[in-house]
Amino acid sequence: MSHTTGFWESFDGTKLFFRYWPAENPKAAVYLVHGMGEHSGRYEHVASFFNEKGFSCIAFDLRGHGMSGGKRGHAKSYEAIMRDVDTFFEKARLAEPAVPSFLYGHSLGGNIVLNYALRRNPNVAGVIATSPWLRLTTPLPKLQLALAQVAAFFAPDLVVKTNLDPAGLSRNKAVATAYMNDELVHGFISVRFLKEVVRAGEYALDGAEGFPLPLLLVHGTDDPITSYAASKEFADRSPKAELASWSGLFHETHNEDSWKDVLESNFQWMISRISSKDQA
């Protein structure tokens, strides 16, 4: 599988690291946004799966993550992330200009692609959000959230531990081990970014009824990190959304033992969107 990497410059000069996995004679392109604390390199097998199906895949490391610039876990505003995705979208379009495209985000990336669709209404065939961070499975204590809001005003780039338990990523224990040994993974988030992501999750839920694009929400019912109930709430509110519930799976459905079944389901949904668009 061929693989290209490099850097883009975002609106404020921040260097964003990207990975591009082109398919031969592609039928579509997947624009992938990773989750909190991780990086695009953890999606090599996802890109390989879609390449074999004839879909190109393009991903980038969020600012403050992976190989990209910026303080670890921090973004000065949620709009800065939206503008980074503007850059991503523009560059990805240049790489694959002639095929339908899909926005695909996991966890924090799910929060981001849902908000990007609501705020920008991009020209894509559909959106997939896997285990999106709409709400956490165990909500932050109100006192902790209030302190974060105060701290975000006085010291917005102050970072705190996310306290993510790697055991909740997958029922396959090797996934947690690899995660903990990955030098590009970090466990921090700034108080401002935490506040803005929580707010963006609620913004997405509030906008579900008017979501403008075909949407597939993918969530394991036993996810201990991001709320399956919130994904179901979004799907119930949105006439554009479908919910793929995976019984018993944890947070990273693409890293469970049944990951190929999950990705095949996601692929079939994308194929159906392309077919319905061609027939329209």
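Remarks
- FRET efficiency for the pair GLU44 and ARG199, taken as 1/(1 + (r/R0)^6) with r the Cβ-Cβ distance and R0 = 30 Å, rounds to 0.40.
- If a spin label sat at a point 7 angstrom from the Cα of ARG93 along the line to its beta carbon, the backbone N atoms of region 103-139 nearer than 13 Å would be those of 120-125.
- Take the chain and mark each of the GluC sites (Glu not before Pro) that is in a DSSP loop with at most 10 other Cβ atoms within 10 Å; the longest unmarked stretch, sites excluded, is 25-182.
- Region 75-234 - Kirkwood radius from inverse mean 1/r over Cα pairs (Å): 16.8
- Beta bridge orientation in the chain: antiparallel %, DSSP, nearest 5: 35
- Neighbour counts of C-beta atoms inside 10 Å place THR14, THR87, THR130 in the sequence THR87, THR14, THR130, starting with the fewest.
- Lysine pairs meeting the criterion (Cα under 16 Å, 8 or more apart or interchain), as found in region 4-279: 12
- You can think of it this way: the chain between ALA174 and GLU52 has 41.5 nm of extra reach, that is 0.36 nm per residue less the Cα-Cα gap.
- Mean residue ellipticity (222 nm) of the chain, computed from DSSP H runs ≥ 4 via -39,500 (n - 2.57), nearest 500: -12500 deg cm²/dmol
- Extension gain, THR221 to ASN163, is 18.8 nm, computed as 0.36 nm per intervening residue step minus the present C-alpha separation.
- Of the residues LEU217, LEU243, LEU103, the one with the fewest other Cβ atoms within 10 Å heads the list, and the complete ranking is LEU243, LEU217, LEU103.
- The long axis of helix 191-206 is offset from the longest Cα principal axis of the chain by roughly 50 degrees.
- A full extension of the chain between SER2 and ILE271 corresponds to an added length of 94.6 nm, given 0.36 nm per residue minus the alpha carbon distance.
- Arranged from fewest to most other beta-carbon atoms within 10 Å of their beta carbon, MET180, MET82 become MET180, MET82.
- Under a model in which nothing but the beta-carbon of Lys, Arg (+1) and Asp, Glu (-1) is charged, region 4-279 shows a dipole of about 540 debye around its Cα centre.
- Distance from the C-alpha centroid of region 174-192 to that of region 86-118: 23 Å, rounded to the whole angstrom.
Since every read-out is calculated from the coordinates, none of them should be taken as a lab result. Because the structure is predicted, anything quoted here is derived from the model rather than measured. Counting neighbours? That spans all protein chains shown, and the Cβs are built from the backbone with ideal geometry, glycine included.
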